[in-house]
Each structure stands twice: as structure tokens, then as C-alpha cells.
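Readers should treat all values here as calculations from the given coordinates under stated rules, not as data from a laboratory. If you're wondering where the values come from, they're calculated on a predicted model, not measured in any experiment. Here the Cβ is made from the backbone with ideal geometry for all residues, glycine too, and neighbour counts use every protein chain on show.
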Ligand code: PGA
């Protein structure tokens, strides 16, 4: 009914020489077709090289401008420009951008709208902090972020949306949510979408936060976990492939 996805989030890594080797190694691993959509959210300057070198692969980036139109906006890269480069997907709402780069709700919603209208797939990231989880607020926080998404996506655009649940305390820490906690949050997200008349059975909800080759299969067994958004482990072709295999 819905596709599984495994998406590598390279963040601010690595330099161009190593990036070329990494993407080549990843694409070589995927010579055989896998029953899973694989994508790479690469650093922005590598996007054109990546889309032109590997046109049959799904290349994404990690951010997009709030500016919808072309114009005198020094330093900005908008969704239309990315689409014209062959970029297929963009991460929006990642906690690192929300926390370190002042991506507030309004900016996140603008980025979602612009990316969807330009024809990009949006990987919309949600997740609670450790303090929020300890206060019993995890579900409220996450469903609030889902409501922000619902407020800006039109009915026809949901097919371009992938959701990633990434508890902030699990990102880059080596600590993951338990499979039960992940399943529980994913099921709540799906129910909330359904209550809002969105065909949630068709929407992929990925887990992210220290997903590794060693723990991927515990998440792939959860009925509502449809894949993974992978940071650190996506920088090693073999580890990344092992995660793909767990979800394929
Ligand atoms: P991590 O990052 O796998 O290194 O925890 C995940 C993410 O931030 O998307």
C-alpha cells in the first residue's frame, strides 16, 4: 500500500572527493533493484554533480529557501532552482535546523509549501526533546508539528510527503527509541492524519535517530515504521546498504 524509504542525511559531510567515492560506492551496492525507495540528502553544492552522475537515483538536499521566486536574494537557493537541477527531495523541519538555524514554524511551513509547489518530495521531520519526553509531552509535541504540516498541505499534495519521526535525544547519540516507542508514536501520527481526513495508510512514516546496520531490523519489523532517515550510518556505503536490506 505504501513504499518503504531509506534516506541518507549526509548533513555537513564529507568533502567533495570523499562524497564522490561514497555515492559511487552506494550506487554500486544498489545495482540490483531493491523493494525500497532509496534517497540521498547531500550537501547543496553536490546536488548538480549527483543528479547528473546518477540520474536514475533519487537525489535530495537538506534545506530550501523560504523565498518562492527567483530574484535578488543573495545566498538563497529556492525550490524551483533545485527542481531545475534534477533534485527530487528535500528535508524540512529537521531538529538541527529548528534548533540551530531558527527554522520556526512559519519558516518550516513556508519551506514545505514552496517545495511541494515546485514538485519536490518533502521529508517532513518531527520529534520531541528529552525534556519533553520526560514531561510526558512527546506525543503532544509531535502531533502539534504534524498539525503544522496539515495546515499547509493540500489534498493532492500528500502523495509528495514523507514524514520522519526523529526523537531529538536519539539523533547522533547512539541512543535509539525502543521499537515499541517508535511503533507507538508512528501509530499515533497515522491515526491523527486519518482523523484529519488524510489517507494516512498511503503515507510513509520513517524513524530516524541513531539507526545503524545493527538495529535497523528491530524498526523494520514495526508495522507503522516504513523506513529510516539515517545520518551517521549513511556515510558508510556498507552500513547504509545493510539498513536498506533491512527495510527492502
Ligand atoms: P543519526 O542522524 O542517524 O546520525 O542519528 C539522523 C538524522 O539526523 O537525520
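Structural remarks
- Each stretch of four or more DSSP H residues adds -39500 (n - 2.57); spread over every residue of the chain, this sum gives -11500 deg cm²/dmol at 222 nm.
- Using C-alpha pairs below 8 Å separated by at least 6 residues, the relative contact order for the range 99-248 is 21 percent.
- Averaging the sequence gap over all C-alpha pairs within less than 8 Å and six or more residues apart, then dividing by the number of residues, gives the range 17-109 a relative contact order of 24 percent.
- For 10, 158, 5, order by how many other beta-carbon atoms lie within 10 Å, fewest first: 158, 10, 5
- Rule-of-thumb Rg ratio for the range 1-144 [Cα; 2.2 N^0.38 Å; N residues]: 1.12
- FRET efficiency, residue 180 to residue 35 (Cβ-Cβ, R0 25 Å, nearest 0.05): 0.50
- By the beta-carbon count within 10 Å of each Cβ, the least crowded to most crowded order of 130, 116, 82, 206, fewest first, is 130, 116, 206, 82.
- A straight line joining the Cα centroids of the range 17-65 and the range 139-162 runs 26 Å.
- The mean sequence distance of close C-alpha pairs (under 8 Å, at least 6 residues apart), as a share of the length of the range 62-177, puts its relative contact order at 25 percent.
- Computed from the Kirkwood radius of its Cα pairs, the Stokes-Einstein diffusion coefficient for the chain at 20 °C and 1.002 mPa s stands at 119 µm²/s.
- Among 122, 66, sorting on how many other beta-carbon atoms sit within 10 Å of each Cβ, with the fewest leading, yields 66, 122.
- Projection of the Cα convex hull of the range 111-230, averaged over all directions and equal to a quarter of that hull's surface, yields 7.1 nm².
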